[in-house]
Amino acid sequence: MRHAKPGARKQSVAPSVTGHALIDRLLASSGLDAAHRARVEAIATWFRRTHALTEAEQADLETFARQIEAAG
């Protein structure tokens, strides 16, 4: 049995929804506002169909992730 170190934060693992780790993590996050969640959901829909992201989509995902990390 593994024990967490005192003061260590528990790392949550997002369920696989799309197969893209960053999209899945953002979709599982409660830190997205409605507009950003809608953007991530649109990106997720596109990714499910194409298994590819544009540079703008990837940049948006990374920006949202940084914002959530900074707020948390």
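Every number here is computed from the coordinates shown, using simple stated rules; none is lab data. Predicted model, so just to flag it, every value in this text is computed and none were measured. No Cβ is skipped: glycine too gets one built from the backbone with ideal geometry, and neighbour counts run over all protein chains shown.
For this structure, a couple of remarks:
- Summed side-chain charge close to Q67 - residues other than Q67 whose Cβ falls under 11 Å, Lys, Arg +1, Asp, Glu -1: -3
- In this simple spin-label approximation, A35 and R49 carry label points 7 Å from Cα along the Cα→Cβ vector, and these lie 2.4 nm apart.
- Reciprocal of mean inverse Cα separation for the stretch 13-72 (Kirkwood radius, Å): 11.4
- Summed residue charge, Cβ within 12 Å of V40's Cβ, Lys/Arg positive, Asp/Glu negative: -3
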